[in-house]
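Remarks on the structure that follows.
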Amino acid sequence: MDKIKQWLAEHNVKYVQCVITDHTGIARGKIYPVQKFIEEGGSRLGETILLMSATGDLAADEFLYTLADPRDIDMLLEPDENACYMVPWAKEPTAMIIHNCIDQKTLKPVEQSPRDLLKKVMKLYDDQGWKAVVAPEMELYFTLSSTDSSQPLTTPLGNSGRSEAGRQSFGIDAITEFEPVMTDIYEWSAQQNLAIDVVVHEEGKAQFEFNFDHGDPLSLADQVIVFKRTVKAAANKHGMTATFMAKPITGQPGSAMHIHQSIVEKSTGKNIFAGSCEQSTEFSQNFMHYLGGLQTFIPQLMLMFAPNINSYRRFLADSATPVNLEWGIENRTVGLRIPDAPDHAKRVENRIPGADANPYLAIAATLICGYIGMMEKISPADEVTGKANNTINKNLPINIEAAMQQMEQSDKIKHYLGESFVTGFIATRRADYDNYKSVISSWERHYLLTTV
């Protein structure tokens, strides 16, 4: 706490948001006056918070009180001195500190904690003398704010007083149409030391992609959580809504969280994906096995890349979203794109995850796939050099029921991620799915009301 107390004093902080995320990626926790936070040295929160779905429903009792203490006791929240951020949009000087979740009985990480699961996967690499390096790319939409969720979302007006017509992919003027909110996002991100650099206009109307610089997986996952809150606050300030839904608007492209990843030796800093010769255009056996792991295990972890009902609306043949597990160099129609890069930057881009995925879980999932591939020396399929998104790969689950089933039946994933986590994560996804099935949609009323 000494470093944290010093940091709080330097920033004249008055309030502290103690933050964790649940399986969905929703920020949950408590807000303290700074002195109370310092006195307590952290916070406490009920274990079952981690087993809450996006709708606020808890996992079914048959899971809830076997995966968590039946007394619904508190877990200890341990502040991370490397995850302290200011909240630039707050009226009073406020800090957001991301916490680890500690079981008060065993003093070990809580198995349902997304952040601690990522740390568990990173330790597997550490034990091999490796360090993972990632760089997320986050896509999102700006929409007009609306309190009527039964109505379709609409595109906000830009500086010109007009809304976009047609697609403005990589349009410079289309970005400057939203200059006020973009300015706030970049200024607030700079105040929080978020590693965002490039912004581009994506294919959809008022759809944008922000790229993060490469770095430590845990730090980048933390930053994505902070970034999402930052963008939503900036949009709200300007009378808009920012959404990271995977497919928020009918007829428009979905939003992804592309994850670039490479592995380096801790002792030398050498990229283990590079070939054995300097400046080689070849890839290493580790790289090929990493690809083989991704191709083999992504279907079993699809639920972590596409965790919500809406997530699966992205996956349409002949769309910008990859619907396969192929790999190819500079090929955006495959699920696993390999950028053309020098040895030190050789990497793979997983294009499967949606922008709605919990970043801790999506990064952990892609890293564990590659890890198993290297440990078990799994060979990938041959490179695809042409268009690959004509048809949907038969092994890729493209609805949440199939994804839950594949994860539930995977003994390998239970071994590496823990049976308790796998059971709990599926239980929260099922709680959302059951809630969804209880709601009758406008499509059903429109087409079936008088015709069946």
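Quick note: the coordinates plus some simple rules give every number you see, no bench work behind them. If you're wondering where the values come from, they're calculated on a predicted model, not measured in any experiment. Here the Cβ is made from the backbone with ideal geometry for all residues, glycine too, and neighbour counts use every protein chain on show.
Quick notes on this structure:
- Residue-by-residue Karplus 3J(HN,Hα) for segment 383-397, coefficients 6.51, -1.76, 1.60, Hz, glycine and proline x: 4, 9, 9, x, 5, 10, 9, 5, 10, 7, 4, 5, 8, 8, x
- Note on Trp89 and Trp7: the model spin-label points, each 7 Å out from Cα along the C-beta direction, lie 2.1 nm apart.
- Thr250/Gln191 FRET efficiency (R0 41 Å; Cβ-Cβ; nearest 0.05): 0.65
- Cα-Cα P(r), the chain, percent of pairs per 10 Å interval: 4, 20, 30, 28, 14, 3, 0
- Considering only trypsin sites (Lys or Arg not before Pro) in DSSP loops that have at most 10 other Cβ atoms within 10 Å, the longest stretch of the chain without any of them is 163-393.
- For segment 30-178, the spread of Cα coordinates along the three principal axes comes to 59, 44, 38 Å, biggest extent given first.
- Applying 0.36 nm per residue to the separation of Val439 and Ser163 and subtracting their alpha-carbon distance, the gain on full extension is 96.2 nm.
- Table column - 3J(HN,Hα) (Hz), segment 299-316, Karplus curve with 6.51, -1.76, 1.60, x for Gly and Pro: x, 6, 10, 4, 4, 7, 8, 9, x, 10, 3, 5, 4, 7, 6, 5, 8, 10
- For the listed residue pairs Lys237/Lys437; Lys387/Lys437; Lys30/Lys120, the alpha carbons are over 32 angstrom apart in Lys237/Lys437; Lys387/Lys437.
- Residue separation of Leu107 and Ile329 scaled by 0.36 nm, minus their Cα-Cα distance, works out to 75.4 nm of gained length.
- The fraction of Cα-Cα pairs per 5 angstrom bin, counted from 0 for segment 247-404, comes to 2, 10, 18, 23, 21, 13, 7, 4, 2, 0 percent, rounded to whole percents.
- Ile31 versus Asp126: modelled label distance in nm, points set 7 Å from Cα along the beta carbon direction: 3.4 nm
- Computed extension gain for Ala317 through Ile175, at 0.36 nm per residue and net of the alpha carbon distance, reaches 48.3 nm.
- Kirkwood hydrodynamic radius of segment 38-87, from inverse mean 1/r over distinct Cα pairs, in Å: 12.8 Å
- Selection of GluC sites (Glu not before Pro), segment 224-295, meeting DSSP coil and at most 14 other Cβ within 10 Å: Glu278, Glu282
- Comparing Cα centroids, segment 401-452 and segment 336-385 end up 25 angstrom apart.
- For Asn100, the residues whose amide H sits under 5 Å from its own are Glu78, Asp80, ignoring neighbours fewer than 5 places away on the same chain, with H placed 1.01 Å from N.
- A simple spin-label model places pseudo-atoms 7 Å from Cα toward Cβ; at Ser420 and Ser219 they are separated by 3.0 nm.
- Kirkwood hydrodynamic radius of segment 97-172, from the reciprocal of the average inverse Cα-Cα distance over all distinct pairs: 17.8 Å.
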